[in-house]
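K.L.:
My questions all concern the structure below.
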Amino acid sequence: MTISEGLTVNSVNGQKQLLLNDAGFALIPLWAVKDELKNGSLVRILEQDLFSPCAPLSSTYALYLKRELISPKIRVFLDFLRDKLDSEI
């Protein structure tokens with residue numbers, strides 16, 4: 001089975017709102033959905049897997065202010081990282 005990228009969200013709150021609106025599933029910090037898991041509005045899947053900030057699949061983040069403010073050097077570097085990580089998964 002292949003899962004292709006359908007939507008990119010740049011905030012935990014955005015991910016959470018999509019989840020609450022039945023838009024799919026996400027790798028999201030437990031602290032962000034603790035109450036929703038407790039009240040049953042969200043359910044945890046892949047409970048047997050632990051995603052860690054130290055694991056390659058779940059540890060790479062690029063944080064920047066605004067897309068239009070990114071210098072060309074940073075854009076090239078981010079594109080390189082994305083392509084490199086995509087080829088290793």
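K.L.:
Name the one entry in Arg44, Arg67 that is basic (Lys, Arg) and modelled with pLDDT under 80.
P.N.:
Checking each option against the conditions leaves just Arg67.
K.L.:
Restricting to region 1-12, name every residue that is at pLDDT 75 or above and surrounded by 10 or more Cβ atoms within 10 Å (Cβ to Cβ).
P.N.:
Across region 1-12, the qualifying residues are Val9, Asn10, Val12.
K.L.:
Still on this model: Among the residues of region 22-33, what is the count of those that are open to solvent by 40 Å² or more (accessible area, probe 1.4 Å) and farther than 24 Å from Lys66 by Cα? Even if it seems obvious, please write down each step before you answer.
P.N.:
To start, the set of residues in region 22-33 that are open to solvent by 40 Å² or more (accessible area, probe 1.4 Å) comprises 22-27, 29-31.
In the following step, the residues that additionally are farther than 24 Å from Lys66 by Cα were identified as 22-25, 30-31.
Qualifying residue count, region 22-33: 6.
K.L.:
Taking Val76 as the residue in question, decide whether it is of a type in the set (A, V, I, L, M), at pLDDT 80 or above and open to solvent by 70 Å² or more (accessible area, probe 1.4 Å).
P.N.:
yes
Quick grid of which residues meet (1) at negative phi; (2) open to solvent by 90 Å² or more (accessible area, probe 1.4 Å); (3) modelled with pLDDT of 80 or more; (4) among the small types (Gly, Ala, Ser):
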| residue | (1), (2), (3), (4) |
| --- | --- |
| Lys16 | yes, no, yes, no |
| Leu20 | yes, no, yes, no |
| Asp35 | yes, yes, yes, no |
| Ala55 | yes, no, no, yes |
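The values are calculated or read from the model by the stated rules, or taken from the named source; none is laboratory data. Everything numeric here is computed off the predicted structure, so don't read it as measured data. Don't worry about glycine lacking a Cβ; one is built from the backbone with ideal geometry, like all the others, and counts go over all protein chains shown. All accessible areas refer to the heavy atoms of the entire protein, side chains included, with ligands and DNA or RNA removed. Shrake-Rupley method; radii C 1.70, N 1.55, O 1.52, S 1.80 Å.
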